[in-house]
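All remarks here apply to the structure that follows.
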Amino acid sequence: MTETKDTSATVFRTRFLLAGAAWFILVAAVLVAVPLVFSDRLPDPVATHWGPSGGPDRSAPAVILTVVPLVLWAVLAASCLGFGRRRLVTSRAGRSGIVAGLAWSGIFLIGVQAVSIAANLGRSRWQDAAPITWQAILVVAVAVACAMLAGWAARRGPDEQPPAPDAAVPDLAPGRRVVWVSSASAPLLLVLSGAALAASAAFAVLRLMGLSGHAWQTAAVLAVVALAGFAFSTVSVRVSSEGMRVAFGPLRWPARRVPLDRIDRAWVEERYPSQVGGWGYRGLPGRATIMVRGGACLVVRYTSGGQLAISVDDADRGAALLNALVARHGTRSP
C-alpha cells in the first residue's frame with residue numbers, strides 16, 4: 001500500500017514539474033519573440049521608466065526589453081518550482097500557492113513588457129514614448145486575477161492528509177529515549193517569500209549593472225520582506241526529555257527552548273486565524289499563538305499560568321508525550 005502511494009505521488013510530482021517547465025518555456029518564448037517581432041519599429045535606446053506624471057524619464061538599450069524580463073522570469077520561476085517538493089505538490093494548498101506564483105510572475109512580466117513596447121512603438125526617440133498611467137494598474141490587476149484563477153484550478157487533484165493521530169500514552173521505560181518532532185508550513189507564504197528574495201537579488205543585479213538608480217532601496221525592502229516571510233512560514237516543535245523546542249523558518253532558526261520544569265500540562269485545541277487575529281505570532285507573551293495554518297494546535301500551559309498554542313501536525317501525540325514527560329519529571333523532582 002505504501003509503495004503504491006509513493007509511486008502515484010512521484011508520478012503526480014513529475015507531471016506537475018513538467019507542466020511547470022512547459023509554462024516556463026512558453027512565457028520565455030513570448031518574452032523573447034515579442035521584442036524581436038517589433039524590433040524594427042522601436043527606437044534605440046528605448047524608454048524604460050516613466051515618472052509620476054506618466055511621461056518617460058529614463059532610457060536604456062532596446063535589448064533591455066528582452067534581457068531584464070527574461071532574467072527576472074528565470075529567477076522567479078526557479079524560485080516557485082524549487083518548492084515543488086512532494087509534500088507541497090501533493091497538498092492542495094501548497095500546489096495552489098506554487099501555481100499562483102508562477103501565473104502571477106509570468107503574466108506580470110509579459111504585461112510589463114507589452115506595455116513598455118506599446119509605449120515605444122513607432123517612436124523615433126525614446127523621449128517621445130507614450131505616457132503610462134492606467135496601463136500599469138491594469139497589468140497588476142490582470143496578473144492578480146490570473147493568479148487567483150490558476151490557484152483555484154490547481155486545487156483539483158490529490159490532497160495529502162497527515163496520518164491519523166495516535167494519542168496513546170508513550171512507553172517511557174527506564175533507559176528509553178523518546179522524541180517527538182513535527183512541523184507545519186504555510187506553502188503560499190514560502191513561495192511568496194522565495195519570490196520576494198529572488199526579486200531582491202534581481203534588483204541588486206540591475207543596480208550593479210547601472211540600469212536603475214533606486215534599485216538598492218527596492219532590493220533592501222524586498223529582502224526584509226522575504227526574510228520576515230521565511231521566519232513565519234514554518235514552525236517546528238521538538239519534544240524530548242530536555243523539554244520542548246520551538247523553531248522557526250525552513251532553517252529551524254531562531255529557536256526557543258522550554259524546559260520541562262516550566263511546563264504544567266499540554267492539550268490539543270482547534271484554532272483558526274480568524275479566532276486569533278491572523279497568521280504569524282499572535283497575542284502577547286504569556287498567552288500567544290503561533291499560527292501557520294488553521295486546525296489542531298498544540299497548547300502548552302506554563303507553571304506560571306501563561307499559555308502558548310502552536311499550529312503543528314500530529315499535535316495529539318506531541319501533547320501525550322509532553323504530559324508523560326512532565327509527569328515523570330515531577331516524580332523525580334525532590
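In sequence order, segment 242-259 has phi-based couplings of 7, x, 10, 10, 10, 10, 10, x, x, 8, 6, 8, x, 9, 10, 10, 10, x Hz under the Karplus curve 6.51 cos²θ - 1.76 cosθ + 1.60, θ = phi - 60°, and Gly or Pro positions carry x.
Rounded to the nearest 0.05, what FRET efficiency do residue 179 and residue 63 have when you use their Cβ-Cβ distance and R0 = 51 Å?
On the way: r = 57 Å, r/R0 = 1.11.
Computed FRET efficiency for residue 179 and residue 63 comes out at 0.35.
Using θ = phi - 60° in the Karplus curve 6.51 cos²θ - 1.76 cosθ + 1.60, the 3J(HN,Hα) couplings for segment 128-142 round to 8, 4, 5, x, 10, 10, 5, 4, 5, 5, 5, 4, 4, 5, 5 Hz; x is entered for Gly and Pro.
Only the coordinates and a few stated rules stand behind these numbers; no lab work does. As the structure is a prediction and not an experimental result, all values here were calculated from the model. Here Cβ is always computed from backbone atoms with ideal geometry, including for glycine, and neighbour counts include all displayed protein chains.
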